[in-house]
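Only one structure is covered here, and it is reproduced in the block below.
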Amino acid sequence: MTRHQKRLSAPRRWPVERKTETFTVKADAGPHGEAGVPLLVVLRDVLGYADSRKEARYALNQDNVIINGTPISDEERPVGMFDILAFDEREEYYRVFPGEGGRLALTPIDREAAGSKLGKIVEKRNVPGGDIQLALHDGQTLLVDDEAYTPGDSLVVANESDDIVAHFEYEEGVLVTAVAGSHAGEIGRIDEIQVTPGSAENNVIATQDDIPDVSGDGFETIAEYVVVIDENFIDGSSEPSDRDAPAADAEEGEVADGEDDAKASDEEDATEASDDGETEDEGEGGDQQ
């Protein structure tokens, strides 16, 4: 498998300009799989906290960047949906949220809300010892002894202790956001869950009539693409709602496209790869427009 990532073939949700340079940084193995965006892209192209890969590495080595409560030193570490980014020195905190068209967006939140993150249960299994193991969308696993949790539900998990802070059931009437598909980034309330016989995906029909600051005629998508969220994900509340979810204090902000100053860093990325013994096909970069 190649260690390089061409800009033209980068996933659609990556906020990078496609035709400024040939290569960009490649995401390392880690949470979120192929859905993750390298941390360097977030620091350099989205937030503008670094002008180059070298500057990003320096900041990371100072333990100035924290994801889900853990200092991160790898600039290629994937960042994905509902991760919590904390910059304590700047007193800035963000939740990764689905934006329009499936692009990742950063929602400013307060320090208290940054202490926990949202996760969708994608798998549930029994393990030796009588416990139940829950697998979340980002690869995290939790051991519980309660049968109440089912795939499709959402959990709010404390970053430091991995304790479950809140549980949102997947059912009709709850608030959801679409994280993939043609309706990615839209928020609605489940009006109907259509169970499809056989191996076909179940469908979700969501309305948008009674949701503050959300307008639209509703949408329909498959169940795999929706995640149950809480009211304070969209109302800017600084206090937990009745369902005890963590709070957000600002509206969602769409991630901007890559900055022009990313060019020099991408050239540096290619040079570093060559120094490590990696070679590229001759003339490959010249084919890009």
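Quick one: which strands (runs of 3 or more DSSP E) sit completely within region 31-118 and have at least 3 residues that are under 27 Å from residue 180 (Cβ atoms) and in contact with a Ser or Thr (Cβ under 8 Å, 6 or more places away or on another chain)? Full working, then the answer.
Working: elements: 84-87, 92-98, 104-108.
Once the strands (runs of 3 or more DSSP E) in region 31-118 are filtered for at least 3 residues that are under 27 Å from residue 180 (Cβ atoms) and in contact with a Ser or Thr (Cβ under 8 Å, 6 or more places away or on another chain), what remains is 92-98.
Yes or no: residue 13 assigned to a loop (DSSP other than H, G, I, E, B), closer than 27 Å to residue 227 by Cβ and at pLDDT below 85?
Working: assigned to a loop (DSSP other than H, G, I, E, B): yes; closer than 27 Å to residue 227 by Cβ: yes; at pLDDT below 85: yes.
Spelling it out, residue 13 is indeed assigned to a loop (DSSP other than H, G, I, E, B), closer than 27 Å to residue 227 by Cβ and at pLDDT below 85.
Of all residues in region 60-78, count the ones that are without any contact (Cβ under 8 Å) to a residue 24 or more places away in the chain and buried (at least 18 other Cβ atoms within 10 Å of the Cβ). Matching residues across region 60-78 total 1. Within the bounds of region 191-198, is there any residue that is outside any loop (DSSP other than H, G, I, E, B), of a type outside the set (S, T, N, Q) and surrounded by 19 or more Cβ atoms within 10 Å (Cβ to Cβ)? No: zero hits. Only one entry of 122, 156, 96 meets the criterion of being surrounded by fewer than 18 Cβ atoms within 10 Å (Cβ to Cβ), at negative phi and not charged (D, E, K, R), and that entry is 122. Looking only at region 159-170, residues that are surrounded by fewer than 20 Cβ atoms within 10 Å (Cβ to Cβ), in contact with a Lys or Arg (Cβ under 8 Å, 6 or more places away or on another chain) and not aliphatic (A, V, I, L, M) come to 1 in all.
Of the residues making up region 125-153, those that are of a type outside the set (Asp, Glu), in a loop (DSSP other than H, G, I, E, B), on the phi < 0 side of the Ramachandran plot and within 17 Å of the chain's Cα centre (by Cα) are 137, 140.
Determine whether region 173-186 contains at least one residue that is within 19 Å of the chain's Cα centre (by Cα), part of a loop (DSSP other than H, G, I, E, B) and acidic (Asp, Glu). Before the answer, list the steps.
Taking region 173-186 as the starting set, the residues that turn out to be within 19 Å of the chain's Cα centre (by Cα) are 175-186.
If we keep only those that are part of a loop (DSSP other than H, G, I, E, B) too, we end up with 179-186.
Now narrow it down to the ones that are acidic (Asp, Glu): 186.
Looking for residues that are within 19 Å of the chain's Cα centre (by Cα), part of a loop (DSSP other than H, G, I, E, B) and acidic (Asp, Glu), one finds at least one in region 173-186, hence yes.
The values are calculated or read from the model by the stated rules, or taken from the named source; none is laboratory data. Please read all numbers here as calculations on a predicted model, not as lab measurements. Backbone-built Cβ (ideal geometry, glycine too); neighbour counts: all protein chains shown.
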